[in-house]
1. Name the pairs whose Cβ atoms lie under 9 Å apart, with the first residue in the range A:70-96 and more than 10 Å from chain B (Cβ to nearest Cβ), the second in a helix (DSSP H, G or I), and 6 or more positions between them or separate chains?
2. Out of C:76, C:72, I need the residue that is within 19 Å of residue C:10 (Cα to Cα), at the interface with chain A (Cβ under 8 Å from one of its Cβ atoms) and under 15 Å from the mean Cα position of the chain (by Cα). Which one?
3. Which residues, taken from the range A:19-40, are surrounded by fewer than 21 Cβ atoms within 10 Å (Cβ to Cβ) and more than 7 Å from every other protein chain (Cβ to nearest Cβ)?
4. Against the condition in a helix (DSSP H, G or I), within 25 Å of residue C:6 (Cα to Cα) and more than 7 Å from every other protein chain (Cβ to nearest Cβ), how does residue A:7 come out, does it pass?
5. Which condition number does residue C:64 fail, the rest of (1) assigned to a loop (DSSP other than H, G, I, E, B); (2) in contact (Cβ under 8 Å) with a residue 24 or more places away in the chain; (3) facing another protein chain (nearest Cβ under 8 Å) being met?
6. Within the range B:1-26, take every residue that is in contact with a helix residue (DSSP H, G or I) (Cβ under 6 Å, 6 or more places away or on another chain) and either away from chain C (no Cβ under 11 Å) or in a helix (DSSP H, G or I) (or both) and give me the one that is surrounded by the most Cβ atoms within 10 Å (Cβ to Cβ).
């Protein structure tokens, strides 16, 4: 749930998503859902010569389960805040 | 149109079901459920390499093993399309009123999100 | 799963977990991202010859097989001659 929130704060930022089929796609994060499915706008495939399959695709929906990495813009992630929130959530969980 | 509505509308229609292991089953849909478990009748089964064939009177396929179903010659009656649309609208309405209880009402409080300064 | 709503009735490119690329019109979807696609055509890529399109018809694809769904910009798509494109097929998903 925390990571879902992190992604929500990153909407309209440019991110790079690496898929488990070795496709890397850069685009503007438009939306995320609870499964971490991702909607990207103005996409660009990294190695376009090798992957011309997506030439005519400008925005896409990526299934959360096939994402290997998401490269985030470091300046837009408050890691200190995230650490604190993680600790708080862990503490809450152990209380329950 | 919801995938499951389409599948139930395809009852008694011919279809080709492909499994994750590459085998295909060509037959008429007898029944299906919400997990997409399927029963077919008068089935031609084809191995993944396409080399071997079997004829089955009837078979049951577990939904979790299915890749996709190719529905052949399906004529969906307009009335069904309308009822499906109504059903979807009703479901959307229901989920909206459930969410109306306020942020964080589902899945526990969302600390990170709320802690952020509003820009 | 509101993110697929905008693709309804649009031409989409479907990339499956096994690497298949399918184009068609998105007719519906559900919570588990199971989808219904009409007028499907599989695009077969190879390094030796141009892209081959195989008509498949109406498909119901299970959500767990889907890797990516992209909206096709018809203007760009029609501007490319598929017979000139040489590319490896998309690699299957490896965990």
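1. A:70/A:7; A:72/A:6; A:72/A:7; A:76/A:9; A:77/A:6; A:77/A:9
2. On the way: C:76 fails: under 15 Å from the mean Cα position of the chain (by Cα).
Criteria check complete, one pass: C:72.
3. A:24, A:26, A:28, A:30, A:34, A:35, A:36, listed by residue number.
4. The answer is yes for residue A:7.
5. Single failed check for residue C:64: (1).
6. Going through the qualifying residues, I end up with B:5.
One line per residue, one yes/no per condition, for (1) more than 8 Å from the chain's Cα centre (by Cα); (2) without any contact (Cβ under 8 Å) to a residue 40 or more places away in the chain; (3) surrounded by fewer than 17 Cβ atoms within 10 Å (Cβ to Cβ):
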| residue | (1), (2), (3) |
| --- | --- |
| C:15 | no, no, no |
| C:22 | no, yes, no |
| C:26 | yes, no, no |
| C:33 | yes, yes, no |
| C:39 | yes, yes, yes |
| C:44 | yes, no, yes |
| C:48 | yes, yes, yes |
| C:51 | yes, yes, no |
| C:60 | yes, yes, no |
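A quick yes/no check of all residues on (1) in a strand (DSSP E or B); (2) within 9 Å of another protein chain (Cβ to nearest Cβ); (3) at pLDDT below 95:
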| position | (1), (2), (3) |
| --- | --- |
| C:6 | no, yes, yes |
| C:14 | yes, no, no |
| C:40 | yes, yes, yes |
| C:49 | no, no, yes |
| C:59 | yes, yes, yes |
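The values are calculated or read from the model by the stated rules, or taken from the named source; none is laboratory data. Not measured: the values here are computed from a predicted model. Every residue, glycine among them, receives a Cβ derived from its backbone with ideal geometry; neighbour counts consider all protein chains shown.
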